[in-house]
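Written out below as structure tokens is the structure these notes cover.
Coordinate-derived values only; no laboratory data. Everything numeric here is computed off the predicted structure, so don't read it as measured data. Neighbour counts run over all protein chains shown; Cβ positions are idealised from the backbone, glycine included.
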Amino acid sequence: MTETILVAGGAGYVGSHMVQELINEHYDVVVIDNLSTGHRQAINAQARFYQGDTRDRQFLESVFAQEEITAVIHMDAFSLVPESVQQPLKYFDNNLIGLISLLEAMNKYAIKYLIFSSTAATFGNPVQIPIQDQDPQQPINPYGESKLMMEKIVHWVEQANGLQCVALRYFNAAGALADGSIGEDHRPETHLIPIILRTAAGQQDYVQICGTDYHTPDGTNIRDYVHVMDLAQAHILALKYLQAGNPSCSFNLGSNTGFSVKEILQTAREVTHCAIPAQEAPRRGGDPDILIADNSQAKKILGWHPQYDDIHTIIQTAWTWKQNHPQGYAHK
Ligand code: UFG
């Protein structure tokens, strides 16, 4: 029997790639999304879409009543580090209330399996590099704090209700579906790779390198970029892991490799064959120096095999999307 999976936030960047991967794997897919940051056009036409807010319990219950959902993939959250520093309550409201509402509906409809998006930002300035799954989590921005709180809420609900959950801590999601049909389109865009590619496409004069005095060899932040379709694949493996009767768990999803902002710029120049001007600028708030995942547990326990773990390939897929959709979803 085909399983029906609910993807909360399935119109978002990671969510839309998740929906695509589920459909590739022949799952039946239901999407909920309030389209506050996501795009209707990003949702594969084979998924059934309900527009509404995860915090709206009546809306959620109406979806759960209509659909025979077997598991929930929860990707619906605000996720911008700098915005969270400016507007912490926006993050605690959306991310925590949305989760609580979803967990209540899941409990009412006896849905046992939850896979949800957590983040490298829960680690703050990590105690070691690469970061192990069990390392101490001490967030240094409200976004990371909200995701750590989500991990804790889920832990206690597991004890009380028999929920089974895998939290997947993404490092820096990047890239796009290889055919360039869906990709990253945030408004405003704050993420490094799409900003670099917008500059390569001549839509912006230069890239700001935010901070050159970090404790890294070239002074710019080091991040671990992981392809969005590899993230999607990990969720399906996590669901199968739970359905096989394994215990709730958390995994770091990254590539085990880090690149500085300057290295990403240089790689993008090689991929696009464009000059991509850049200027040094002050630090943003809330950015740790280095985030790199130890992904060995996800590989060993979930059987995760990232297909796109080369930074040139990651940037190439994002570039293909950019060239196919210079203005994003609105003006194809
Ligand atoms: N950066 C620049 N110039 C820019 C934009 C970004 O120099 O114009 C730098 C940032 O300072 C940072 C790096 O590029 O060092 C990456 O920044 P992004 O905004 O692309 O991504 P973040 O690392 O801030 O955050 C992303 C997700 C979070 C997630 C985190 C995990 O947005 O949700 O990765 O590492 F928690």
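Once Lys and Arg get +1 and Asp and Glu get -1 on their Cβ, which of Pro277, Gly202, Gln66 lies farthest toward the positive end of the dipole of the chain?
Toward the positive end, the furthest listed residue is Gln66.
Size of the dipole of region 209-332 about the Cα centre, Lys and Arg at +1 and Asp and Glu at -1 on the beta carbon, nothing else charged, in debye to 20?
Values: 10 positive and 12 negative charges, 94 e Å.
So the dipole magnitude of region 209-332 works out to roughly 460 debye.
When every alpha-carbon pair in the chain is counted, what percent end up more than 32 Å apart? Can you show the working numbers first?
On the way: 13050 of 54946 pairs.
Within the chain, distances greater than 32 Å cover 24 percent of Cα pairs.
Hey, can you rank 40-50, 259-269 by average C-beta count inside 10 Å, highest first? If you can, show how the numbers build up before the last one.
On the way: 40-50: 16.7, 259-269: 20.2.
Going by the mean number of other Cβ atoms within 10 Å, highest first, we get 259-269, 40-50.
So for the chain, taking the charge dipole from beta-carbon charges (+1 Lys/Arg, -1 Asp/Glu), which of Ser181, Phe171, Ile43 sits furthest toward the positive end?
Ile43
Need the C-alpha centroid separation for region 26-64 versus region 147-195, integer Å.
So the separation of the two Cα centres works out to 16 Å.
On average, how much area does the Cα convex hull of region 140-214 cover when viewed from any direction, in nm²?
With every direction weighted equally, the projected area is 8.2 nm².
Between Asn24, Asn221, Asn161, find the one with the highest GNM mean-square fluctuation for the chain; connect C-alpha pairs within less than 10 Å.
Highest fluctuation among the options: Asn24.
Is the shape of region 1-75 best called rounded, prolate or oblate, per the rule: a/c under 1.5 gives rounded, else a/b larger than b/c gives prolate, else oblate, with a ≥ b ≥ c the square roots of the Cα gyration tensor eigenvalues? Present the calculation step by step, with values, prior to reporting the outcome.
Details: a/c = 1.93, a/b = 1.07, b/c = 1.79.
Note, shape of region 1-75 comes out oblate.
With +1 assigned to the C-beta of every Lys and Arg and -1 to the C-beta of every Asp and Glu, and no other charges, what is the dipole magnitude of the chain about the Cα centre in debye, to the nearest 20? Kindly include the intermediate steps, with their values, before the conclusion.
Values: 22 positive and 36 negative charges, 45 e Å.
With only Lys, Arg, Asp and Glu charged at Cβ, the dipole is about 220 debye.
Cut-off 18 Å, label point 7 angstrom out along Cα-to-Cβ of Asp205: give me the residues of region 256-278 whose amide nitrogen falls inside.
Zone members listed by number: 275-278.
So, in the chain, how many Lys pairs have Cα atoms under 21 Å apart, if the pair is 8 or more places apart or on different chains?
So the count works out to 10.
Of the options Gln323, Ala244, Asn295, report the single residue whose Cα projects farthest towards the positive end of the charge dipole of region 234-332 (beta-carbon charges: Lys, Arg +1; Asp, Glu -1).
Ala244
Distance in nm between label sites at Arg40 and Gln66, each 7 Å beyond Cα in the beta-carbon direction?
Inter-label distance under the simple model: 1.5 nm.
Nearest 5 is fine: what % of DSSP beta bridges in the chain come out antiparallel, could you say? Mind showing how you got there, number by number?
On the way: 2 of 40 bridges.
If I count the DSSP bridges inside the chain, around 5 percent turn out antiparallel.
Using R₀ = 30 Å, calculate the FRET efficiency as 1/(1 + (r/R₀)^6) where r is the Cβ-Cβ separation of Glu189 and Gln138; round to 0.05. Let's see the in-between values first.
Values: r = 29 Å, r/R0 = 0.95.
The calculated FRET efficiency here is 0.55.
What Kirkwood Rh does region 173-332 have if only Cα atoms enter the pairwise 1/r average? Answer in Å. Please list the in-between numbers first.
Values: mean 1/r = 0.0596 Å⁻¹.
Final number for the Kirkwood radius of region 173-332 is 16.8 Å.
Collect residues whose amide H, placed 1.01 Å from N in the peptide plane, falls under 5 Å from the amide H of Ile209; neighbours closer than 5 in sequence don't count.
So Ile209 has HN proximity to Gln279, Glu280, Ala281.
Using the alpha-carbon centroid of each, what span in Å lies between region 111-146 and region 230-265?
If you average the Cα positions of each part, the centres end up 12 Å apart.
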